1. Taking the full set of protein chains and a 1.4 angstrom probe, give the accessible area of His307 in square angstrom, rounded to the nearest 10.
2. Where does segment 30-97 land on Rg(C-alpha)/(2.2 N^0.38 Å)?
3. Under a 1.4 angstrom probe, counting protein chains only, how are Val212, Val272 ranked by accessible area, largest first?
4. Past 25 Å, Cα to Cα, is the threshold; run Lys37/Lys103; Lys185/Lys389; Lys389/Lys418; Lys34/Lys285 against it and keep the listed order.
5. So what are the three principal axis dimensions of segment 66-117 from its Cα atoms, in whole Å, longest to shortest?
6. Accessible area of Cys198, 1.4 Å probe, to the nearest 10 Å²?
7. When the solvent-accessible surface of protein heavy atoms is calculated with a 1.4 angstrom probe, in what order do Lys816, Lys535 fall, highest first?
8. Can you sort Asp378, Asp731 by solvent-accessible area, 1.4 Å probe, largest first?
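The values are calculated or read from the model by the stated rules, or taken from the named source; none is laboratory data. Bear in mind that the values here come from a model prediction, so they are computed numbers and not experimental data. Neighbour counts run over all protein chains shown; Cβ positions are idealised from the backbone, glycine included. Only protein heavy atoms, including side chains, enter the accessible area calculation; ligands, DNA and RNA are left aside. Shrake-Rupley method; radii C 1.70, N 1.55, O 1.52, S 1.80 Å.
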Amino acid sequence: MDAHPDINTTPRGFRCTLCDVNLPNAPTVDAHVKGRKHQHLFRLRATRKTQEQNSVFVSGIKPDTSQMQLIDYFQQFGPVSEVIMDKDKGAYAIVQFEEHAAKQSSLDQLEHEMGGLKLRVKPREKKDFKVVIKKKQEGKNTHVNMDILNRDLCQASSVNEQMLRVVESCELSESERNGRELLVKLLQEVFTEFFPDCEILPFGSTINTFGVHSCDMDLFLDLEKTKIFQSRSKSSMEQAGDGQSEDGRSEDSILSDIDLTAASPAEVLELVATVLRKCVPGVQKVQTLTTARLPVVKFHHRDLNLHGDITINNRLALRNTRFLQLCSGLDSRLRPLVYTIRFWAKQKQLAGNPFGGGPLLNNYALTMLVIFFLQTRDPPVLHSVNQLKEMACEEEECVIEGWDCTFPSQPIAVPPSKNNEDLCTLLAAFFAFYSQFDFSASVVSVREARPLPATPSLTQTPQHSPAPAPQNSDKTSPKPSTRPRTRHMTILDPFELSHNVAGNVNERLHKSFQRECGDAEKYCRSLQYQRKSTKGKSWGLVRLFAPRCPTVPGASGSSSQGEGKEKQQRLEIRLPLRPEALPGSLRCQLGAGGEGFRERWFSLVRAAVEKVLQQVLGCRPAREEDFEDQMDTSVSSGTMDTSNPEEQQCASRARAETSSSSSDTPAASGDGAHQAGQKRSLSSTGPDSGFSSPQGKRQRLSSGDEGPDSACWCLVQRHRVWAGRRRARRDMLKSGDGGAAEHSLSEEGGVAMEVRVTELLTAQEPDPLDLLAFRVGARVEGDGENMATLLWFTPLFDSSGLFQDFFHFLESFIPKTTEVLLGLGEEKLK
Ligand code: UTP
């Protein structure tokens, strides 16, 4: 057996890396490399390489530049075999010469002028896609930064404006759309080589007007014409008897390996996967899922950082994508509503199954819920699909797989809605509608724009029977009427009426969805939803978008509606007694039998923790009531363990303590009218009131009514004081302020330095919002040397999903800093 570059030895024999097949022994390797498939791919690869080597990349053209102009111009260097151009945008063209020498002489010429245009001619890079989508651009656009979004939303003047801003922040940017278009072109080019006359057609969020940054790219590979091509070339080969079709294409085609009409979808998809793996630059992680409802090939495009799905049997999806485009064109309120509701649902972990499967609502189902809701308004915002069908003309009639998919192609054919409710009202009404919707008894039907009873007769409605096949139809016979999978939520597809688009949703998700809708509805009734805060507090959508707090699945507890069976994750920090770190007098007391030691030690730990949180890290006391609506929407939604007596006790104590501390000590805030939890200037209670500032200026969180072995506080943090601390410390030491910094480093065991770091970090955010509100509970446990203080942290408000980060930081910061403070002695903690 000759050594072959594509054949690798494996423990079980050999593997051809070009064709992606295992080969058991040497004779099969020889047969394989001489075989048609390997030879074909081998030739094709060589051709591609030559093409690449003989091509130049040309920029500086205009959208109206034609291929002929380019051919005419570049022919002066040698024969041109092909010009591929990005005509839509006029950004570039690839000119392919027949000979390498021609390419070289075009590159050797320093300046190129064609009909007044200055062209730039460069060698063609292998990954020419990178030219259009630069990584930097991608990174900038692909993730919605919650902090930036929240800030932006807070600055809007109304919820209506906030919703429009959500669309702006999330929608696909032009460069993302361009990248996607280019990928479609590339795939079309490659697939056409293997499947003559095929079409690669995008559907779903890439084109349905609801696309968000980095959404998946859904593609349909239409092989209908390829099948016709195949059967034609078969018969012409049979007639000619020479294994060659009329146009000579079949010999080179992968089609010689497969009969498309007889092959199973799985077989065809395997072939598609091989083409993707071998022949499409930048494609990686190709995976075939043949057991899915619709078998699919998944892939990732490295340079575009994009996940894609290719299906071959999904003509209905093309049509429902057209339907969504039409709906967007019919009423401009649909897009902001869908974007906002999708965002909300993602934050609440109700939608957006990361890899397609799973019990969450998919985005298509969620969009159907919005459409259905708009159809049921009085007067309706959108028409039923049945009504739309009546507005279509004859040419627009369309039946796919027996399902009537007729609707007008243009919004102009549909009379505008008489409904003039604004976005803010519609959003609140959406939550009210679905918090009450009886999913166990009713089915969502966008087709009829009314809830249908969840009965077996569902699928016997007239539109299920196929219309006589009009022009615009596929020829497949109608499918027998099958019942939709009525489950916990049944949302009928508008066309394929036997398909429940929420068939994957489980009981738990259904309950969560309705509970979250109920909580959101309640919140939408509050002033914080409707009115912009004049105090820089979060309002409107910001609070609505607060992520669902972390939960411990399966743990028991009760929710606001008594249904949730999840327990809030109580994040805990344990501070064990470390005698060696205690100041002398305390150590002596412990050594002498410990009479009263337990209380004394706990009261010091409590004071130290309070100091760390409030003075070192700039947290401020808050009133729990200020976050109650938020607790309804984010914490109680399955996460607040209100059944836990310790939590309840702690919550009520935090309320009492905070209000007593704030009213007891008005002067301490530096503002007589100030209430704890309200906006106050950092200079009054923040870190610059200082670790070493006079005691009278320091606001105490705990009041005298704390128990001797427990305490509880409610705090708010407005700055990300945990991020970038190390760098801030380093910068301080390096800066001209070095002397002062060195001093603070040694002062109070480095705690003064930490106060300064917090000051530095907070000064970087002059216009902060409430980021996090949380409750801290403290309790002393055990006895003697086994004594420990347990701290637990409960999020009350977390607008940007930062609680976990903050807690992670506290886990190491609190024990370290508390210990230093304890070591300084009681005087420092008073
Ligand atoms: P998705 O649920 O992925 O929606 O379905 P999307 O709008 O593309 O959102 P992303 O990609 O998650 O951001 C993709 C497409 O698949 C078809 C629809 O055409 C939908 O637009 N589809 C999905 C169905 O036809 N039926 C379904 O049950 C689900």
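1. About 90 Å², ignoring ligands and nucleic acids.
2. Numbers: Rg = 16.1 Å, N = 68, 2.2 N^0.38 = 10.9 Å.
Here the Cα radius of gyration is 1.47 times the empirical estimate.
3. Numbers: Val212 50, Val272 0 Å².
Ranking Val212, Val272 by accessible area, largest first, yields Val212, Val272.
4. Numbers: Lys37/Lys103 31 Å; Lys185/Lys389 33 Å; Lys389/Lys418 20 Å; Lys34/Lys285 28 Å.
Pairs exceeding 25 Å: Lys37/Lys103; Lys185/Lys389; Lys34/Lys285.
5. Computed over segment 66-117, the largest-to-smallest principal extents equal 30, 22, 15 Å.
6. Its heavy atoms expose roughly 10 Å² to the probe.
7. Numbers: Lys816 130, Lys535 105 Å².
I get Lys816, Lys535, largest accessible area first.
8. On the way: Asp378 140, Asp731 75 Å².
Ranking Asp378, Asp731 by accessible area, largest first, yields Asp378, Asp731.
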